[in-house]
Amino acid sequence: MIYLNLKLIKKLQIISIIFSIVLGTLLHFTFELFSKNIFIAFFSAVNESVWEHLKLVFFPMFIFAIIEYFLLKNYNNKNNYIFSKTIGIVFAVLFITIFFFTYSGIIGSNYLIIDILSFLFAIIFGEFICYKLLIKNKYINNKIKYVCVFTLLILFFSFIIFTYFPPKINYFKDPVKNDYGIIS
């Protein structure tokens, strides 16, 4: 077993940040770009709701976490890998949600530049949290690992299901079209 390689982990977290920002930005436009393709809707924002914009953080971070898992397959930090990535991804999703509703509730409106900066902040600090947890290389028991996998799967399938069947609450409401989910 090869021991923890801090340089490699740091490098991968930086690549993950760049990958997630670039892919997340592209995912904002892919649904329209691909003529509202049903498959593309699974992981792209289909409207301007807060919920749909969370896909722009979740899916890039999730995809790179899978790639990174295999890149780190020879290192002993895989013990806490799923835990670290889950905490980072959940932080990013929760940060955007809490920050958006807090600042827009206080100001009474939202601003594109603040929304973009919160997207960047969420990814950077989500990956920073991953890095800090990964380098600790603490033992994580199997029950916690299963909870982490379950959490990621719930998020994954929630994004897909709520794209087509969103609850009729503000979290899922497109403020531009005043509608929910995929708008026909």
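From the list S84, S104, S109, S118, pick out the single residue that is over 16 Å from M61 (Cβ atoms), among the small types (G, A, S) and surrounded by 15 or more Cβ atoms within 10 Å (Cβ to Cβ).
The unique qualifying residue is S104.
Report every pair of residues separated by at least 6 positions or lying on different chains whose Cβ atoms are under 7 Å apart, first residue within the range 157-184 and assigned to a strand (DSSP E or B) and at pLDDT 85 or above, second among the hydrophobic types (A, V, I, L, M, F, W, C) and surrounded by 13 or more Cβ atoms within 10 Å (Cβ to Cβ).
D174/I183; Y180/F172
Looking only at the range 26-44, filter to residues that are surrounded by 13 or more Cβ atoms within 10 Å (Cβ to Cβ) and among the β-branched types (V, I, T); which one of those is nearest to F62 (Cα to Cα)?
Ranking the qualifying residues of the range 26-44, first place goes to I40.
Conditions first: (1) touching a residue at least 40 places away in the same chain (Cβ under 8 Å); (2) under 15 Å from Y131 (Cβ atoms). A92 passes all but one, so which condition is the exception?
(1) is the only condition that A92 fails.
Go through the range 134-143 and report how many residues are more than 14 Å from L12 (Cα to Cα) and part of a helix (DSSP H, G or I). Full working, then the answer.
Start the filter on the range 134-143 by keeping residues that are more than 14 Å from L12 (Cα to Cα), which leaves 136-143.
Then keep just the ones that are part of a helix (DSSP H, G or I); that gives 136, 142-143.
Count: 3.
The values are calculated or read from the model by the stated rules, or taken from the named source; none is laboratory data. In this text, all values refer to a predicted model and were calculated from it rather than measured experimentally. Quick reminder, even Gly has a Cβ in these numbers, built from the backbone with ideal geometry, and neighbours come from all protein chains shown.
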